[in-house]
Every structure is written in C-alpha cells, then in structure tokens.
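A.B. asks: Can you read through this structure? Questions will come right after.
The values are calculated or read from the model by the stated rules, or taken from the named source; none is laboratory data. Only a predicted model underlies this, so the values are computations on that prediction, with no experimental measurement involved. With ideal geometry, Cβ positions are generated from the backbone for all residues, glycine too; neighbour counts draw on all protein chains shown. Protein only, heavy atoms only, side chains kept; ligands, DNA and RNA dropped before computing areas. Shrake-Rupley method; radii C 1.70, N 1.55, O 1.52, S 1.80 Å.
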Protein chains: 2
Amino acid sequence: MVQIPNTPPSASPGPRSVPTSADVARLAGVSRATVSYVLNNTSTVRISEPTRRRVLDAARELGYVPHAAARSLRAGHSRMVLMPSPAAPLGPLYGRFVSELQWALGRLDYTVVQYGTTAARGDEAARAWAELRPVAVLVPGTELGPQGVSLLRRSGARAVVTLGPACVDGAHALLMDQAAVGHAAAAHLYARGRRRIGVVVPRDPALETFSRPRLDGARDALRGTGAEITELPLAWTEEDAARLAARWTGLGLDAVFTYDDEYAMLLMRALQDTGVRIPEDTAVIGADDLMLGRLLRPRLSTVRVELPSGADLAALVDRAVRNPGAAPETHRVLGARVVRREST
Amino acid sequence: MVQIPNTPPSASPGPRSVPTSADVARLAGVSRATVSYVLNNTSTVRISEPTRRRVLDAARELGYVPHAAARSLRAGHSRMVLMPSPAAPLGPLYGRFVSELQWALGRLDYTVVQYGTTAARGDEAARAWAELRPVAVLVPGTELGPQGVSLLRRSGARAVVTLGPACVDGAHALLMDQAAVGHAAAAHLYARGRRRIGVVVPRDPALETFSRPRLDGARDALRGTGAEITELPLAWTEEDAARLAARWTGLGLDAVFTYDDEYAMLLMRALQDTGVRIPEDTAVIGADDLMLGRLLRPRLSTVRVELPSGADLAALVDRAVRNPGAAPETHRVLGARVVRREST
DNA sequence: TTGAAAGCGATACCAA
DNA sequence: TTGGTATCGCTTTCAA
C-alpha cells in the first residue's frame with residue numbers, strides 16, 4: 001500500500017501491492033512483451049533460453065500471478081462456464097451431476113463457476129450473469145426466459161443451455177421433465193392393480209419445481225383410466241407425517257407415490273407405526289433410487305432417474321461454443337425407469 | 001445490427017458484437033464519461049434530466065450490460081468472494097451451510113462464486129484462484145497451505161478463511177474439528193458402559209478428510225480407559241455391509257460409531273438382518289442428526305454437528321475485508337452434541 | 001453540466 | 001530475438 005508500482009523501488013516496508021507483468025519485465029530487464037511471450041509459451045515467437053530463464057525466475061521471485069480480468073478483457077473472451085447455484089441444496093443426484101459436469105468441462109479446459117444466486121430473479125439475474133461475460137451459461141430450472149437468453153447471447157455467451165422441464169427460445173435445452181417420473185410411478189401402480197392413488201407433494205416451496213411436474217405426470221398417466229389421484233401435502237417433519245398417517249384409513253388409498261425416496265421413508269415409517277401394512281393395504285413407491293430405499297423393509301420400489309452424464313453435457317457445451325450459430329439442440333434427457341422391489 | 005462498433009459503417013452481416021458504453025454514448029449523443037455518470041448514479045456529478053433519459057434509453061435500446069472485468073480492472077478491486085467447490089458433494093449439512101452463506105454475503109453486497117475445482121491441487125489451485133483477484137477466499141478442507149495463503153494475499157485477497165480441522169498461517173480459521181464428533185460419540189458409548197467399540201471408516205477416499213479425524217477423535221476419547229477401538233472399513237454398498245455383519249460376532253464388539261447416520265442405516269440394516277440386536281448386543285451411534293435417524297427402529301442415537309450460521313461467517317469475512325491488516329481470527333466453531341435415542 | 005484523456009494489466013501486431 | 005505500442009471496456013480526474 002505504501003509503494004506505488006511503476007515507480008522506482010523505495011525501501012518503504014508494508015504490504016507490497018500486487019505484482020504485474022511490468023514488474024516482472026523490469027526485474028528481468030526485458031519488455032512486457034517478452035514476459036508475455038515467455039509465460040504463455042507463445043509458439044510464433046522464439047525466445048532465447050537465457051532470457052526465458054531470467055523471466056521465469058523474476059516471475060517466481062515476485063510471486064507473479066496473471067490477472068484473469070485483464071487477460072480476458074484483452075482477449076475479448078474467456079473460457080468461463082457459468083452456472084447459477086440453486087437457492088437451496090437440491091439433493092445428492094444433482095450434486096453428483098454438477099461434480100461430474102465440472103470435471104468433464106475442466107478436461108475441455110473450461111472453468112466452471114457457480115454463481116451465488118442473489119435476490120435477483122429471472123431476467124434481472126441474467127443481467128448479473130451477463131456482466132461476467134461467460135462463454136457459456138448453464139441454467140437449471142425455469143428462471144430464465146427468452147429475453148434472458150437473448151440478453152446473454154447479446155453479451156457474448158456463445159452457448160446458453162437450460163436444464164429443466166421446458167425449452168426456451170434461443171437456448172439449447174436439456175429437457176428434464178420431472179413429469180416422466182410421476183408418470184412412470186403412477187403407471188406402475190396402476191399396472192399393479194391400484195386405483196386410488198395418493199401423491200405426496202412436499203410443502204417445501206423450494207421443491208415445487210420438482211414436485212408439481214411429478215404430480216402432473218402422475219395425473220397424466222391415469223387420465224381416462226378411472227383411477228383417482230389424491231394430492232397429499234406433506235411437510236418434512238415426523239409430526240406432519242404422523243398426522244397424515246392418522247387419517248390414512250379415512251383416505252381410502254391403496255397406493256401412494258411419495259415424491260422421492262426420502263419422503264417415502266418418512267411416510268412409510270408413519271404408516272407402519274399406525275399399523276398400515278405395506279404393500280398389502282397400501283403400496284408405496286418413491287423416486288430417485290437412493291440407497292436408503294434398498295435398506296427399508298419392505299424394500300422400497302422406486303423410480304430411477306437417469307440423468308445425462310456430465311461428459312455428454314460438456315460435449316454439448318463445447319460443440320455449441322465452437323459453433324455458436326448452429327440451431328439450438330433440444331434433448332430429452334431425463335429417463336425414468338421403475339425399479340420394483342417389495343413395497344408395490 | 002449490421003454495423004460494427006468503433007469502425008466505419010460496413011455492410012458486412014453476421015452476429016453483432018457486444019455493445020459497450022461507447023456505443024451507448026454514441027447513440028445518446030454524449031461522451032462515455034456521461035454514460036458512466038448516469039449508469040452509476042454518480043453523486044459527485046449532476047447530470048441534467050434530459051441527458052439522463054437519453055442515456056438510459058440508449059442503454060436499454062442496445063441492451064447494454066457493463067463488463068465486470070473491465071470495471072474491476074479499472075477499479076483495482078472487486079467484491080467477489082471465491083469458494084472452491086468440493087470435488088464430491090459433501091452432504092446436506094454442507095449444502096445448507098453454503099446456501100446460507102451465499103445469501104448472507106449477498107446481503108452484504110458480495111458476489112459469491114464457487115470455483116469448479118480442476119485437477120489442480122493445493123498451491124497449484126491457489127494460483128488459479130488468485131488469477132480471479134477475489135476480495136476474499138473461503139477454503140474448506142486442508143488443501144491450502146501457508147504458501148497458498150500468502151500467494152492469495154499477495155494477489156490482493158483481503159481475507160483468506162479456511163474452514164477445516166487446522167489453522168493455516170496467515171489465514172483466518174474457522175476450526176471445524178471433526179475429531180470432536182468422534183470424541184463425543186466414543187465418550188457417549190463409554191459412558192453407556194461399552195468397552196469394545198468399532199468405528200466405521202468409509203472406504204470412499206473423498207470422505208477421508210472427515211472420517212479420519214472422526215476416528216482419531218474416538219481413539220482420543222478412549223485413550224487410557226482400557227476400552228478398545230476397532231477400525232471398520234466399509235464401502236457404501238449393501239454387499240460390503242453384509243460382509244461386515246457376517247463377521248460381526250467374531251469381532252466381539254459391543255458398540256459401533258458409524259461415521260454418520262447414513263452409514264449407520266446401512267450397517268444397522270445388515271446387522272439386524274443377521275440377528276444382531278440393537279442396542280442389546282451392539283449399541284449404534286451415527287452422526288449429523290439427519291432425519292433418517294429418527295425414522296429408524298430403534299431410533300438412532302447420533303452426534304449433532306453444530307456449524308456456525310452463514311451470517312456469522314459472512315460477518316467475519318466482511319470484517320476481515322474492511323480491515324485486512326488485523327490479526328487472523330481463529331474460531332472453534334464445530335459443536336458436537338450427542339443426541340441419545342434408542343440405539344445406545 | 002459535459003467532454004477529453006489517462007490509465008487499470010495483459011497481449012499481439014509491426015518494427016527493429 | 002526483442003521492444004514499442006495500440007487496444008480491450010470502463011472509471012475518474014481535470015478542464016472547459
């Protein structure tokens with residue numbers, strides 16, 4: 001803070017300010033251009049070995065670290081792939097997916113950055129993302145509208161990919177339609193002869209983007225069959241589960257789709273504690289195929305969700321970045337397969 | 001749409017390039033300075049209302065979005081708080097903690113960015129983070145050494161905070177010593193009269209940073225008591241759990257600390273399937289106080305982990321940023337409290 | 001009230 | 001093989 005760069009050295013102590021390539025150049029006795037050549041291994045230019053050494057030593061001595069903002073400003077582009085991070089943690093499946101994706105994009109030399117969601121919502125948020133001038137943006141959920149997409153594209157994003165239930169104009173889409181999960185669950189229960197089917201809908205508003213389509217998918221599967229769907233709001237507490245279980249007999253349901261395996265465990269416990277037999281009285285099916293389902297007794301039937309591999313999505317992103325003019329691709333990527341165990 | 005900024009009009013078609021403040025200025029018929037004044041509501045300068053309007057209209061019409069890199073390059077600093085994202089998802093507790101933290105820092109007008117960890121490890125990674133010139137860096141785990149800290153500080157980070165088991169020279173530390181968890185668990189089992197205590201250690205290498213200290217803490221709690229600890233490696237599969245359960249009687253253990261509640265569930269199921277009675281033959285205690293523990297039968301005793309609130313950490317970061325010269329603070333923040341239920 | 005211009009740090013062209 | 005220099009987009013003095 002005391003010593004100003006680009007001025008002759010002074011003996012003043014205190015925290016030195018951040019070294020720049022000019023400082024390296026000065027210490028090595030060469031020009032900034034040469035420093036740049038050496039540190040970037042520029043192939044169009046050959047630097048003599050002694051000079052190389054002097055530059056590298058100087059850089060090391062100063063602890064020089066290039067300034068990413070300056071570099072990408074000059075370059076006019078970066079390799080940053082931006083993903084807004086979800087407002088609430090979305091479970092192990094999503095976490096694993098993101099990890100895998102990060103790794104795969106890293107292999108392709110992109111830098112993945114999860115942007116901490118601020119209060120901004122929708123196109124407001126898109127503006128904040130656009131300020132970072134990412135080369136690609138991956139947006140889970142339905143926050144992003146067509147104007148958001150066009151804003152991002154106008155700001156230089158060469159690929160905008162939505163991961164969610166619906167396409168958005170101008171963006172690539174990985175269609176992950178949670179309705180397929182509900183559909184599979186309900187169809188399975190129907191095939192097992194069940195006709196009065198409950199569907200658990202978590203009260204947690206953060207889960208609504210998942211729970212609503214899962215419910216709708218279940219409805220859809222049974223349309224016109226004469227089977228009936230009953231919506232069952234359920235908070236993530238033992239008390240609420242006990243309340244629901246207490247009025248279970250009155251509901252007259254012979255099956256229930258519990259949104260996911262964790263809610264299945266919550267409800268199953270409450271039902272078993274009140275003497276409901278599974279699957280005799282009521283069949284139960286969860287979703288996500290978590291380990292815990294296999295550990296329940298009876299073993300939990302579930303809907304296994306198949307997400308695309310991180311490598312696949314990384315490849316899509318890379319393709320889009322290389323060829324930004326191409327028409328947006330739309331892929332249906334959410335597979336839903338029933339895994340029948342003992343609870344249905 | 002066809003015209004390229006900063007060059008004489010040409011008829012060449014193709015994707016328009018990103019509008020800059022110069023474009024806004026030109027369209028509004030004012031200078032770039034004026035644009036900057038208007039868009040930043042600069043208070044030291046008064047701009048006439050008509051001019052203001054013209055600038056705002058022009059910006060809207062062009063879909064102008066400021067360039068964060070250029071801005072922070074000029075300003076010499078940013079408000080980015082960088083957190084490396086863990087290589088593997090770390091469970092619901094950590095996820096909730098990060099969410100909360102993001103929100104709290106957002107309230108203080110920081111931008112939280114989770115940096116996708118590439119192959120780089122340790123001080124190599126610190127370099128990559130330093131390139132972004134974040135105002136603060138929050139590093140979970142033990143990846144960061146003293147040299148990494150000093151590199152980051154030299155690169156302008158005004159606060160470096162480690163979240164992990166140990167202090168690092170020069171950095172603020174939120175000491176989250178997982179050993180306390182193991183310690184609490186073992187002490188509890190001992191107090192309940194158990195003397196031959198198994199400790200499950202997940203084989204998953206990603207969990208080692210947690211599992212090792214939890215084991216060590218348990219060892220520590222029993223040192224000199226005559227009670228014995230047996231390390232039990234366990235993979236996250238039913239098969240491995242069954243294998244372990246099969247040789248259970250031979251092990252002669254009267255209690256087990258299972259690393260966390262999920263491993264507790266896995267092992268409990270395998271033990272119950274082979275006829276081991278819980279807690280009569282073997283007491284079981286998990287950790288993290290997940291919902292699933294309450295749903296098991298017998299209800300699972302557990303060690304509840306108390307993390308600092310996101311707001312507290314955000315306040316620490318803000319304090320450190322405002323006063324970067326201050327001595328690093330070290331806080332012991334991981335509380336471990338046994339919640340006894342029915343399995344011990 | 002507005003504009004001209006100097007940089008922030010890094011890179012790549014053109015000369016030497 | 002190396003150096004000078006214009007440039008990326010933005011902010012902020014200083015002058016007008």
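A.B. asks: Give me a count of the residues in segment B:139-191 that are of a type in the set (A, V, I, L, M, F, W, C) and in a strand (DSSP E or B).
C.D. replies: Number satisfying all stated conditions: 8.
A.B. asks: Tell me yes or no: at least one residue of segment B:275-297 is open to solvent by 20 Å² or more (accessible area, probe 1.4 Å) and touching a Gly at 6+ places or on another chain (Cβ under 8 Å).
C.D. replies: So far as segment B:275-297 goes, yes, one or more of its residues are open to solvent by 20 Å² or more (accessible area, probe 1.4 Å) and touching a Gly at 6+ places or on another chain (Cβ under 8 Å).
A.B. asks: Search segment B:29-51 for residues that are within 14 Å of another protein chain (Cβ to nearest Cβ) and pair each with any residue that is small (Gly, Ala, Ser) and more than 7 Å from DNA strand D (Cβ to nearest atom) when their beta-carbon atoms are under 8 Å apart and the residues are at least 6 apart or on different chains.
C.D. replies: What qualifies is B:Leu39/B:Ala59.
A.B. asks: Take segment A:105-122 and flag every residue that is more than 23 Å from B:Ser78 (Cα to Cα), open to solvent by 10 Å² or more (accessible area, probe 1.4 Å) and in contact with a helix residue (DSSP H, G or I) (Cβ under 7 Å, 6 or more places away or on another chain).
C.D. replies: Answer for segment A:105-122, where residues must be more than 23 Å from B:Ser78 (Cα to Cα), open to solvent by 10 Å² or more (accessible area, probe 1.4 Å) and in contact with a helix residue (DSSP H, G or I) (Cβ under 7 Å, 6 or more places away or on another chain): A:Leu108, A:Gly122.
A.B. asks: Please go through segment A:208-243 and pick out each residue that is buried (at least 17 other Cβ atoms within 10 Å of the Cβ), assigned to a helix (DSSP H, G or I) and within 14 Å of another protein chain (Cβ to nearest Cβ).
C.D. replies: A:Ala241
A.B. asks: Looking at segment A:31-45, which of its residues are near DNA strand D (Cβ under 6 Å from one of its atoms) and more than 19 Å from A:Ala70 (Cβ to Cβ)?
C.D. replies: A:Val45
A.B. asks: Still on this structure, I have one more. Could you figure out which of (1) within 14 Å of chain A (Cβ to nearest Cβ); (2) under 21 Å from the mean Cα position of the chain (by Cα); (3) within 25 Å of B:Leu215 (Cβ to Cβ) isn't true of B:Gly286?
C.D. replies: The failed condition is (2).
A.B. asks: Taking the criterion of being in a helix (DSSP H, G or I) and either closer than 22 Å to B:Leu151 by Cβ or in contact with a Phe, Trp or Tyr (Cβ under 9 Å, 6 or more places away or on another chain) (or both), would at least one residue in segment A:37-46 satisfy it?
C.D. replies: Here is the first cut: in segment A:37-46, the ones in a helix (DSSP H, G or I) are A:37-39.
Next, only the ones that are either closer than 22 Å to B:Leu151 by Cβ or in contact with a Phe, Trp or Tyr (Cβ under 9 Å, 6 or more places away or on another chain) (or both) stay: A:38-39.
Yes, some residue in segment A:37-46 is in a helix (DSSP H, G or I) and either closer than 22 Å to B:Leu151 by Cβ or in contact with a Phe, Trp or Tyr (Cβ under 9 Å, 6 or more places away or on another chain) (or both).
A.B. asks: Please go through segment A:102-136 and pick out each residue that is in contact with a strand residue (DSSP E or B) (Cβ under 7 Å, 6 or more places away or on another chain) and within 9 Å of another protein chain (Cβ to nearest Cβ).
C.D. replies: A:Gln102, A:Leu105, A:Gly106, A:Tyr110, A:Thr111, A:Val112, A:Val113, A:Gln114, A:Tyr115, A:Gly116, A:Thr117, A:Leu132
A.B. asks: Now, a different point. For A:Thr142, state whether it is touching a strand residue (DSSP E or B) at 6+ places or on another chain (Cβ under 9 Å) and either basic (Lys, Arg) or over 18 Å from A:Phe210 (Cα atoms) (or both).
C.D. replies: Against the criterion (touching a strand residue (DSSP E or B) at 6+ places or on another chain (Cβ under 9 Å) and either basic (Lys, Arg) or over 18 Å from A:Phe210 (Cα atoms) (or both)), A:Thr142 does not qualify.
A.B. asks: Within the group A:Val199, A:Val168, A:Val139, which residue is away from chain B (no Cβ under 13 Å), surrounded by 18 or more Cβ atoms within 10 Å (Cβ to Cβ) and within 30 Å of A:Gly252 (Cα to Cα)? Talk me through it step by step, then tell me what you get.
C.D. replies: Working: A:Val168 fails: within 30 Å of A:Gly252 (Cα to Cα); A:Val139 fails: within 30 Å of A:Gly252 (Cα to Cα).
That would be A:Val199, the only listed residue that is away from chain B (no Cβ under 13 Å), surrounded by 18 or more Cβ atoms within 10 Å (Cβ to Cβ) and within 30 Å of A:Gly252 (Cα to Cα).
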